[in-house]
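Single-structure report; data block below.
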Amino acid sequence: MTKRDFTWLQESIDYTFEDESIRARAFIHSSADMGESYERLEFLGDAVLELTVSELIFLRRPDFSEGELTKSRAALVNEASLVKVAKELRLNEFIVLGRGEQNSGGAQKPSILADVVEALIGAVYIDGGFESAQALVLRMLESRIEKVLKGGGNHDYKTRLQEHFHKKGVNNLKYEVYKEEGPPHNKVFYVKLVVGGSEVAKGEGRSKKTAEQRAAKQAYLSAVSEANEVD
């Protein structure tokens with residue numbers, strides 16, 4: 001593996017690793033077949049990310065209902081938000097991929113970029129503890145936090161669709177993975193959206209979250225179109 005210069009990255013995140021092997025592991029994709037990958041660190045980083053953001057919103061906005069807390073958290077930790085962080089930090093430059101994944105542009109895939117952000121958080125947690133990882137999360141999301149806390153943020157399609165059906169008294173929306181294709185490092189997930197026991201849309205993507213969003217977008221745009229026709 002080519003040695004990478006992490007100096008700029010560590011300066012950007014204001015954290016210097018004591019254990020360089022943990023730092024390196026945060027960028028190893030499973031397709032590299034090196035006997036280790038970032039997946040376990042990603043798992044840990046996801047938990048730290050959710051807890052940090054949940055606590056922040058809970059403390060800063062005591063007036064938010066559970067639904068508003070959930071929606072605000074989703075606006076900060078969704079794939080699109082993490083991809084922006086990854087691009088700002090140029091994390092694609094450090095990702096180690098197998099030849100096939102590299103040739104297919106894996107270092108620019110949203111699902112991989114988002115995973116690496118979570119893996120980096122997990123690596124900082126292991127190397128420096130929760131406070132260091134928490135501080136990293138807050139620095140990463142600093143530019144978006146205030147917007148979300150003011151009631152802004154991203155109304156993703158899942159949220160929009162849920163609100164649309166809630167107004168109609170329908171709350172039993174379910175996203176079901178009905179098929180998976182490809183090797184573990186390059187899977188495609190197929191999701192169907194079921195509302196009131198009936199399938200209303202389908203979506204596919206490199207992650208379950210992306211597939212769900214695409215199914216929700218299809219259903220939401222269809223619902224809005226029908227509503228406009230009625231009007």
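Things to note:
- Counting the residues of the range 38-69 that are among the polar types (S, T, N, Q) and within 21 Å of residue 142 (Cα to Cα) gives 2.
- Helices (runs of 4 or more DSSP H) lying entirely in the range 116-218 (those with 1 or more residues that are modelled with pLDDT of 90 or more and of a type in the set (Lys, Arg)): 130-140
- Checked against the criterion of being of a type in the set (A, V, I, L, M, F, W, C) and in contact with a Lys or Arg (Cβ under 6 Å, 6 or more places away or on another chain), the candidates 194, 117 yield just one match: 194.
- Of the residues contained in the range 102-115, none is found to be small (Gly, Ala, Ser), part of a helix (DSSP H, G or I), over 17 Å from residue 206 (Cα atoms) and assigned by TED's automatic domain parsing to the domain that holds residue 12.
- Pairs where the first residue, in the range 122-134, is within 16 Å of residue 27 (Cβ to Cβ) and the second is buried (at least 18 other Cβ atoms within 10 Å of the Cβ) and of a type in the set (Asp, Glu), C-beta under 8 Å, 6+ apart: 122/42; 122/46
- From the options 58, 43, residue that is at pLDDT 90 or above, farther than 22 Å from residue 212 by Cβ and not hydroxyl-bearing (Ser, Thr, Tyr): 58
The values are calculated or read from the model by the stated rules, or taken from the named source; none is laboratory data. Being a predicted model, the structure only gives us computed values, none of them experimental. As a convention, Cβ positions derive from the backbone with ideal geometry for all residues, glycine included, and neighbour counts pool all protein chains shown.
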